[in-house]
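None of the figures in this text is laboratory data; all of them are computed from the coordinates on show. Since this is a predicted model, take the numbers as computed values, not measurements. Note that each Cβ is placed from the backbone with ideal geometry, even for glycine, and that neighbours are counted across all protein chains shown.
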Amino acid sequence: MMDDLTKRYVERHPDDCAATPIRWWQAVWYALWTATFLYWVFYRWDVALAAANFFFSFWYLGIIAFRSAIVLLAVIKPCEIRIGHAALAALDEDSLPVYTLLIPLYREANIADKIIPSLDALDYPPDKLDIKLLLEADDRDTIQAVTRMALPPRYETLTLPDSKPKTKPKACNHGLARARGEFCVIYDAEDRPEPDQLKKAVLAFRQSPAEVVCIQAKLNYYNARQNLLTRWFAIEYATTFDIYLPGLQYARIPMPLGGTSNHFRTDMLRELDGWDPFNVTEDCDLGVRIYRAGYKTRMIDSTTWEEACANVKGWLRQRSRWVKGFFQTHLVHSRNPIRAIRQLGLRGYTGFILTVGGSSMMMILNVLYWIMGGLYAAWALKAMAHGHTLQTIVRGPREALPGSPVWPMLYYGPNEDPLWASLSIFFFTVAIVLFLANFLFVLIHVIACFKRRMVRFLPWALLMPMYWILISAGAWKGFIQLFTKPFYWEKTEHGKAKEDTSPQQAPRKRMRNDEG
């Protein structure tokens with residue numbers, strides 16, 4: 001049963017809410033495309049295979065090329081807002097407004113007390129902080145943990161009604177309804193924002209145009225060096241928040257927000273009705289809605305340190321939720337393409353498709369491409385073991401190579417067997433696309449390591465294609481859950497990190513972006 005606040009959101013956004021992830025006309029549209037493809041498979045399977053291969057390969061390589069172009073823009077033209085020490089020193093604290101901090105806590109009894117020192121370390125007048133601890137009524141352990149804490153008056157505990165869905169955006173909407181601050185920000189239970197982040201955000205808003213509704217801080221991990229998975233995760237975050245999102249800002253494309261450390265003008269966020277309580281990647285959806293409403297998002301050069309999932313099981317749970325939310329966001333904002341193009345503009349709509357829907361599709365395709373590319377590489381190696389050179393494997397002879405199940409990569413022509421000719425072109429295309437895409441993919445992450453001065457992480461950046469296989473596994477899980485459990489929130493377990501494993505870690509000092 002929904003609470004009144006959630007009901008109001010659904011009523012005010014009947015066409016832009018993920019409460020119904022896919023509408024009947026969208027289901028009919030996708031069913032027609034599937035039926036058309038199956039018809040061609042039975043009628044001319046070779047034509048169907050060639051068309052599908054071209055379509056998916058075009059998008060797969062195109063999305064990577066798009067990401068590369070965005071990264072190049074960010075490198076050539078850094079555009080995040082930088083607030084210097086002089087501006088901070090000259091800031092009159094009496095002029096600072098009340099700032100609301102929304103802290104959603106669900107099943108966080110083991111670390112509920114850890115966010116308090118990080119919030120107390122913020123360099124902001126305590127009497128101008130309005131901190132909302134958002135608790136669910138059925139989460140007795142976390143409620144008891146918070147009750148045991150002796151919290152000063154700036155902290156307010158809000159126990160939410162026991163209603164569906166049990167999501168972070170629903171909790172944040174309740175906090176937004178009670179917010180007293182001119183600005184507000186979300187922090188997760190394990191977050192460690194840089195102490196001067198609130199002041200930087202205030203100054204960033206003051207020097208930005210009125211249509212800037214959101215200032216997004218950068219995110220990275222304080223346990224980045226715990227194991228291989230956390231290293232890959234930290235490289236991915238450095239790529240996303242240090243160069244990819246700033247590049248989207250410069251290209252004037254809708255920016256999917258991070259799940260935390262996004263600072264808002266409270267009144268304008270209320271005007272947008274806050275977050276979609278049914279979208280499990282509410283930050284991505286809100287970033288698109290901000291753009292559709294004609295507002296803007298800017299990046300700020302300040303970092304919040306989080307805890308990276310250090311085990312594959314927990315990481316897959318988190319990733320599946322993220323990708324499921326990306327699919328939800330794509331479906332919601334694609335329900336009426338004409339209206340979306342009118343509101344986003346052709347540039348914005350194209351960027352939205354490439355950033356949200358296209359990226360999700362690429363994650364789904366990735367593992368399939370790796371399976372096909374891996375099989376073909378294995379067959380090619382077997383052919384070489386039988387004495388064939390790479391040149392003969394690629395160029396012929398025209399007949400299948402004797403002693404090996406490998407056919408030439410360019411096995412085509414009017415006198416060739418249609419099966420082997422079609423399959424050879426198919427696998428050749430996949431192999432080339434996979435190679436080019438992963439070359440660009442690795443290059444992007446190497447650039448990110450240099451950008452954040454994570455020089456010691458460069459060897460792990462070269463292995464990032466292996467990480468993307470994991471991402472694809474999580475994407476498939478999220479894609480399946482889109483139909484089976486669309487609103488299920490895969491809870492990320494915190495409190496498992498080994499502290500102080502990164503030389504960047506310094507919770508009560510100003511943290512530097514230096515990994516080398």
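What to note about this one:
- Between PRO254, ALA201, ALA385, the Cα set farthest toward the positive side of the dipole of the chain (charges on each charged residue's Cβ, about the Cα centre) is that of ALA385.
- Over 36 Å [Cα-Cα, region 77-351], rounded percent: 11 percent
- Normalised by the number of residues in region 1-155, the average gap of Cα pairs under 8 Å and 6 or more apart makes the relative contact order 18 percent.
- For region 1-92, alpha-carbon Rg and Dmax in angstrom: 24.2, 74
- Normalised contact order of region 77-351, rounded percent, pairs of Cα under 8 Å and 6 or more residues apart: 23 percent
- Going from the residue with the fewest nearby Cβ atoms within 10 Å to the one with the most, LEU248, LEU344 rank LEU344, LEU248.
- Evaluating 6.51 cos²θ - 1.76 cosθ + 1.60 at θ = phi - 60° for every residue in region 300-317, the Karplus couplings come out as 10, 7, 8, 10, 10, 9, 10, 9, 7, 4, 9, 10, 5, 4, x, 5, 5, 4 Hz, glycine and proline recorded as x.
- Near TYR221, the amide H atoms lying under 5 Å from its own belong to GLU306; only residues 5 or more places off or on other chains count, and H is placed 1.01 Å from N.
- Debye intensity ratio in log₁₀ form over the Cα atoms of region 25-72, taken at each q of 0.20 Å⁻¹: -0.74
- Amide H contacts under 5 Å for ASN279: ALA18, restricted to partners 5 or more places along the chain or on a different chain, H placed in the peptide plane at 1.01 Å from N.
- A simple rule links phi to the HN-Hα coupling: the Karplus curve 6.51 cos²θ - 1.76 cosθ + 1.60 with θ = phi - 60°, which for region 249-263 gives 4, 5, 7, 6, 10, x, 10, x, 6, x, x, 8, 6, 9, 9 Hz, with x for Gly and Pro.
- Under a 5 Å amide H cut-off, with hydrogens placed 1.01 Å from N, GLN216 pairs with HIS263, ARG298, MET299, ILE300 among residues at least 5 apart or on other chains.
- Computed per residue of the chain from DSSP H runs no shorter than four, each worth -39500 (n - 2.57), the mean residue ellipticity at 222 nm is -16500 deg cm²/dmol.
- Across the options PHE233, LEU419, LEU272, the greatest Cα extent toward the positive end of the charge dipole of the chain (unit charges at beta carbon of Lys, Arg, Asp, Glu) belongs to LEU419.
- Listed residue pairs exceeding 31 Å between alpha carbons, taken from LYS7/LYS313; LYS132/LYS451; LYS218/LYS324: LYS7/LYS313; LYS132/LYS451
- Residues CYS79, CYS184 in ascending order of nearby Cβ atoms (within 10 Å, fewest first): CYS79, CYS184.
- In the chain, Cα pairs under 8 Å separated by at least six residues give a relative contact order of 21 percent.
- Taking max minus min of the alpha-carbon positions on each principal axis, region 260-361 gives extents of 44, 32, 26 Å, largest first.
- Couplings 3J(HN,Hα) of region 118-133, computed from phi: 5, 6, 5, 7, 5, 7, 8, x, x, 6, 10, 9, 10, 9, 10, 8 Hz, in residue order, whole Hz [Karplus 6.51 cos²θ - 1.76 cosθ + 1.60, θ = phi - 60°; x for Gly and Pro].
- Pair-distance profile P(r), taking every C-alpha pair of the chain, with 10 angstrom steps and integer %: 4, 17, 28, 25, 14, 7, 4, 1, 0
- The angle separating the long axis of helix 464-484 from the principal Cα axis of greatest extent in the chain is about 80 degrees.
- C-alpha long axis of helix 45-76 to longest principal axis of the chain, angle in °: 40 degrees
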